[in-house]
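A.B. asks: Quick one: the structure is below, questions incoming.
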Amino acid sequence: MKITKLVAGAAALATVFSGFSYAGTTTIATKYEQTFRENQDFKVKFGINHVFDNRMYLGFEHQRRWRDEVSGSPELAENLFGIGYSYSLDEANRWSLQPRLEYKFNPGQETARPMLRLNYRINDAWRVGGRYRYEYQTFREGGGPRSRVNRFDGYVSYAVTEQIGLSWNPSYAYLLGDEGRMYTGGSDRWEHEFTVGYRINPAHALALTYKRKDKTRDEATYNAGKHNDAAQLTYSFRF
């Protein structure tokens, strides 16, 4: 029943976004992600976003997860809503500035994520960028301290051909305040994402991403002192 309602809701949302398609571009994406070490983690994701002709962005992503191939329906992991805008900073459209606000709902907690990204197109093949994101936990079930995180991202992409692209996204994050710890056992962590993308045609595209995680804390029950890396396969449809 839950899966039926999810599919119906996703279809309704897609219909709403497609109604705006005359004023911009709509992208629907499905993703599958998994880890490979102990206590394996599996995630399925569905996302839809629309970029209007005036460069305003609206997006939504639903995520479910399960561990160790447990039978039954995957449990809710996250719902994410986003709104943003893209400003061109020069006549040649080489520089752009993208403020965005995201709000995510996880079981037992909610988080606001304002962010600002700066992009630069070096030439037709190379693009670089940087982003700052502030994460503030607005709700935590049971009370207690709410986490606050500073995150910094870098972006480098290279178009090998008109159909094949490569990208690298390093990120560094650290906790603000003395409360809580990250999965590393400390107050900060590094992560890297390496992606190979293939554009089948203007409407359809595939991407394979390898996510390099920092080492899990030494006293963890699973994957102690190891890099619990993940792989993600993405299919997107644009219209």
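A.B. asks: Asp214 passes all but one of (1) touching a Ser or Thr at 6+ places or on another chain (Cβ under 7 Å); (2) without any contact (Cβ under 8 Å) to a residue 24 or more places away in the chain; which number fails?
C.D. replies: Condition (2) is where Asp214 drops out.
A.B. asks: Just one of the numbered conditions (1) over 22 Å from Gln98 (Cα atoms); (2) within 19 Å of the chain's Cα centre (by Cα) is not true of Trp168; which one?
C.D. replies: Among (1) over 22 Å from Gln98 (Cα atoms); (2) within 19 Å of the chain's Cα centre (by Cα), Trp168 violates only (1).
A.B. asks: Among the listed residues Tyr57, Tyr22, Tyr85, Tyr32, identify the single one that is among the aromatic types (Phe, Trp, Tyr) and at pLDDT below 95. Let's see the steps before the verdict.
C.D. replies: On the way: Tyr57 fails: at pLDDT below 95; Tyr85 fails: at pLDDT below 95; Tyr32 fails: at pLDDT below 95.
After applying the criteria, what remains is Tyr22.
A.B. asks: Another one. Take Thr138 and tell me if it is within 23 Å of Thr25 (Cβ to Cβ) and of a type in the set (S, T, N, Q). Spell out how you get there, then give the answer.
C.D. replies: Working: within 23 Å of Thr25 (Cβ to Cβ): no; of a type in the set (S, T, N, Q): yes.
Criteria not met by Thr138.
A.B. asks: I would also like to ask the following. Among the numbered criteria (1) surrounded by 14 or more Cβ atoms within 10 Å (Cβ to Cβ); (2) within 18 Å of the chain's Cα centre (by Cα), which single criterion is violated by Leu208?
C.D. replies: Tallying (1) surrounded by 14 or more Cβ atoms within 10 Å (Cβ to Cβ); (2) within 18 Å of the chain's Cα centre (by Cα), Leu208 fails exactly one: (1).
A.B. asks: Here's another thing I want to ask about it. So which of Thr111, Thr161, Thr184 is among the polar types (S, T, N, Q), over 22 Å from Arg55 (Cα atoms), surrounded by 14 or more Cβ atoms within 10 Å (Cβ to Cβ) and modelled with pLDDT of 95 or more? I'd like the intermediate steps shown before the answer.
C.D. replies: On the way: Thr161 fails: surrounded by 14 or more Cβ atoms within 10 Å (Cβ to Cβ); Thr184 fails: modelled with pLDDT of 95 or more.
Thr111 is the lone residue from the list that is among the polar types (S, T, N, Q), over 22 Å from Arg55 (Cα atoms), surrounded by 14 or more Cβ atoms within 10 Å (Cβ to Cβ) and modelled with pLDDT of 95 or more.
A.B. asks: Scan the range 182-207 for residues that are more than 30 Å from Thr25 (Cα to Cα) and either out of contact with any Lys or Arg (no Cβ under 7 Å at 6 or more places or on another chain) or touching a residue at least 60 places away in the same chain (Cβ under 8 Å) (or both) and report the count. Can you show your working first?
C.D. replies: Going through the range 182-207, the residues more than 30 Å from Thr25 (Cα to Cα) turn out to be 182-191.
Those still in the list that are either out of contact with any Lys or Arg (no Cβ under 7 Å at 6 or more places or on another chain) or touching a residue at least 60 places away in the same chain (Cβ under 8 Å) (or both) too: 186, 188-190.
Total meeting the criteria: 4.
The values are calculated or read from the model by the stated rules, or taken from the named source; none is laboratory data. Here the structure is a predicted model, which is why all the values come from computation and not from measurement. We place every Cβ from the backbone using ideal geometry, glycine too, and count neighbours over all the protein chains shown.
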